[in-house]
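Nothing in this text is a laboratory measurement; each read-out follows from the coordinates by a stated rule. Predicted, not measured: the structure shown is a model, and the values here were computed from it. No Cβ is skipped: glycine too gets one built from the backbone with ideal geometry, and neighbour counts run over all protein chains shown.
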């Protein structure tokens, strides 16, 4: 789950992280009132969407497709400029590197007071699964895409890791700050900010926190001038407050429905639908499909507690994608039983009207019985014993080779 910058800034503030004052707006009138309320001659007018690269993106009229304005983040020096920029932003489609060419409609705006910047930095906290820890990554090249920095100037990226039991050490935090060229007040402030960010990361079950840019003001103050926060969906049950932060306008209708059924679904650009239990197995299934020359149309994890209803919903969601020319079902039975999945597949196919090739691979609990159920049905289904066989078969069928 992702949230908007203005929501991330609110959490930052509550967590003791320094941010500049800003106001969330929904209309041009809201933006003009915010300018008056902030009492700052210079303000930033910021588009709010669940994607990065907003400042380098372009705004287009959603109906005509005409370019409205370059850049989704603007610095305004007057009330009239606030009116001009907010009018160009709200209701139009912002296209960035992360949104793809379809872009996202901007429904939210953030008006923020100006800040006298001495230097911009990049800062992020991420889950490092290989090291089983939280990674803190920072760079002196703030305001840029971190991928570009890693490729062109890797020595500018500095890293420290938190101890899983004891958290971040003060020594490591101070060392990281020094590596960024910070000293005295600024060094102390960044070390304290890292303590607060790590506490926020763990207490709120975050999956990612990114501040780009983190800035050093002319007075030496370290300020989070941007904020991107992602949460671990598996911990939703511990944090009911998250529901209030969710912006459904930023999500596809199909993803909302998938969430309601406990499915993890992400649409992709390929033509082979995937229905799998377990995120790791889903990723492996997608990889093997690509290995045999196919392209997955989605990531779909039905989870270990799937029911007939959720499996039917999963089939409906996959088949709503007009690009899907075949489906691979790959189930490793544990809590979930393969014969139940088999009957659910038959029921879903009857209800929906399956018209594309279907390949099913079962392993684990009741896999033999599940295969028998499918083989004895009238369903046009191909069963295989291994993932490799299943992926090769569905790629062949979608190409018309078999």
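Per-structure values
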item: Gain on full stretching of the segment that runs from residue 70 to residue 105 - 0.36 nm per residue minus C-alpha separation; result: 11.1 nm
item: Relative contact order [Cα under 8 Å, 6+ residues apart], region 1-118, whole percent; result: 35
item: Förster-model FRET efficiency, 22 Å R0, residue 322 and residue 399, C-beta, rounded to 0.05; result: 0.75
item: Cα-Cα pairs of region 117-236 separated by more than 22 Å (percent); result: 30
item: Cα-based helix-to-principal-axis angle, 308-320 vs the chain, degrees rounded to 10; result: 70
item: Average projected area [Cα convex hull, region 253-399], square nanometres; result: 7.2
item: Rounded FRET efficiency, nearest 0.05, which uses the C-beta distance separating residue 389 from residue 369 and R0 of 22 Å; result: 0.70
item: Rounded tilt (10° steps) of 79-89 against the dominant C-alpha axis of the chain; result: 10
item: Residues in region 145-178 that a label on residue 119 would reach, taking backbone N under 12 Å of a point 7 Å out along Cα→Cβ; result: 177-178
item: Distance between modelled label sites at residue 219 and residue 163, nm, 7 Å Cα→Cβ extension; result: 3.6
item: Gained length - residue 308 relative to residue 208, 0.36 nm times residue gap less alpha-carbon distance; result: 32.6 nm
item: Alpha carbon centroid spacing (whole Å) that separates region 102-124 from region 197-212; result: 18
item: Alpha-carbon centroids, region 339-402 and region 1-65: separation in whole Å; result: 48
item: Cα gyration tensor shape for region 111-154, rounded if a/c is under 1.5, else prolate or oblate; result: oblate
item: Distance between modelled label sites at residue 238 and residue 153, nm, 7 Å Cα→Cβ extension; result: 3.7
item: The chain - mean residue ellipticity at 222 nm from DSSP helices (-39,500 (n - 2.57) per run, n ≥ 4, rounded to 500); result: -10500 deg cm²/dmol
item: Volume of the Cα convex hull of the chain, divided per residue and given in Å³; result: 162
item: Overall Cα dimensions of region 321-402, principal axis frame, Å, largest first; result: 33, 29, 23
item: Contour minus Cα-Cα distance for residue 130 and residue 335 (0.36 nm per residue); result: 71.1 nm
item: In degrees, nearest ten, helix 5-14 long axis to first principal axis of the chain (Cα); result: 70
item: Alpha-carbon centroid distance for the pair region 274-305 / region 139-194, whole angstrom; result: 36
item: Relative contact order, percent, the chain [alpha-carbon distance under 8 Å, six or more residues apart]; result: 12
item: Where only C-alpha atoms are counted, convex hull volume of region 98-182 per residue in Å³; result: 178
item: Relative contact order (%) - criterion: Cα under 8 Å, at least six apart; region: region 155-260; result: 17
item: Residue list for region 97-129, given a label point 7 angstrom along the Cα-to-Cβ vector of residue 253 and an amide N cut-off under 17 Å; result: 105
